[in-house]
1. Looking only at segment 9-21, filter to residues that are free of Cβ contacts under 8 Å to residues at least 60 places away in the same chain and surrounded by fewer than 21 Cβ atoms within 10 Å (Cβ to Cβ); which one of those is nearest to the ligand (Cβ to nearest atom)?
2. Which residues, counting only those in segment 39-55, are without any contact (Cβ under 8 Å) to a residue 24 or more places away in the chain and either within 13 Å of the ligand (Cβ to nearest atom) or basic (Lys, Arg) (or both)?
3. Which of the residues belonging to segment 109-126 are of a type in the set (Ser, Thr, Tyr) and part of a helix (DSSP H, G or I)?
4. Out of curiosity, is Leu282 more than 14 Å from Ala239 (Cα to Cα) and in contact (Cβ under 8 Å) with a residue 24 or more places away in the chain?
5. Scan segment 81-113 residue by residue and report those that are under 19 Å from Ala252 (Cα atoms) and either acidic (Asp, Glu) or away from the ligand (no atom under 16 Å from the Cβ) (or both).
6. Please pick out the residue among Gly278, Gly264, Gly223 that is at positive phi, more than 14 Å from the ligand (Cβ to nearest atom), of a type outside the set (A, V, I, L, M) and not in a loop (DSSP other than H, G, I, E, B).
7. Quick check on my filter: what residues within segment 254-290 are modelled with pLDDT under 95 and touching a helix residue (DSSP H, G or I) at 6+ places or on another chain (Cβ under 8 Å)?
8. Test each condition in (1) within 11 Å of the ligand (Cβ to nearest atom); (2) over 25 Å from Thr256 (Cβ atoms); (3) without any contact (Cβ under 8 Å) to a residue 12 or more places away in the chain for Ala36 and report the one that comes out false.
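The values are calculated or read from the model by the stated rules, or taken from the named source; none is laboratory data. Predicted, not measured: the structure shown is a model, and the values here were computed from it. When we count neighbours, we look across all protein chains shown, and the Cβ atoms used for this are built from the backbone with ideal geometry, even at glycine.
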Amino acid sequence: MARIGFIGLGNMGGPMSRNLVRAGHTVKGFDLSDEAMRFAIQAGVQRAATAADAAREVEVVVTMLPVGSDVRAVLLGSGVVEATAPGTVLIDCSTIDVETAQAMHRAATEIGRFMLDAPVSGGTKGADAGTLTFMCGGDPAVFERAAPILRGMGRNVVLCGGPGMGQVTKICNNMIAGITILAAAEALTLGERLGVDRQTLYDVISTSTGRSYIFNEACPIPGPVPGAPASNDYRPGFAAKLMLKDLRLAQAAAATGGASTPLGATAAAAYAMHVNNGFGELDSASIIKLVNPDI
Ligand code: NAD
């Protein structure tokens, strides 16, 4: 069992750190929020006084923070990388821009630490149940050391390539999800407007070529899927503001990589309007409100 520092104990990091405790690891945690700290401590996480304190005398440091600038501020600004012992593995599970992820790999390896980018899919439900998918980028030997720790929080742990390739895989996945929700919202709105009821549309499309995980499980129109956020006042789930963040990360990466992503650009623009309209906290399926004012 390992000694682990965990920084960022929010909606995802809270349950993830609890699952590490349940797996038998010793976990020292830090978060700026008192509420997040309280939740983690109740779950058996030890209180660290600062981010750097969480990184001392541990073998592994996990970060689960909102955006790339937070990861940079914590790992470099707060002295986390420097506080670790040589040979420590740093695992960043946040969804961040590829450039920052690769810069963190360089900063860690330059002083003899090891880094893995390991963003997740599965949302807060997966974090709670310990069924997340980890998309990892880094050196295969570092991946081998990190994988047993990640399996304490998830089901699928995959090495996608070198530094930053976990982030690339994550934003490609979420770009498909964002485009698909918008496509489903448009199609359901069109079908209903032309006179087919939504349940019939759902029953046929969910078993025809228009089906997908998003259409079938996260159908954006209220009614056909009782457990989906759409049927529960669009409570997240995966908030629209987080979808916008990921779609923007995909657009930034596409610009850097010279890739043409017209549908990704359209989805990013649609989510930007939706968030500006005040719906950022609702589930991402609420994007249907942009094309269907009756919802
Ligand atoms: P969150 O806002 O609930 O948690 C982030 C935590 O980081 C907060 O508790 C905040 O206080 C803490 N924090 C911020 N700056 C800090 C600092 N300098 N030092 C210590 N703590 C600090 O966010 P979340 O939903 O847990 O998401 C975390 C990451 O996971 C994001 O990158 C997000 O895109 C990604 N993600 C989220 C979901 C989801 O469904 N929520 C799904 C997949 C991936």
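1. So the residue we want is Gly10.
2. Arg47, Ala49
3. Correct list: Thr109, Thr124.
4. Spelling it out, it is not the case that Leu282 is more than 14 Å from Ala239 (Cα to Cα) and in contact (Cβ under 8 Å) with a residue 24 or more places away in the chain.
5. Asp97, Glu99, Gln102, Ala103
6. From the options Gly278, Gly264, Gly223, the qualifying one is Gly278.
7. Thr256
8. For Ala36, the failing item is (3).
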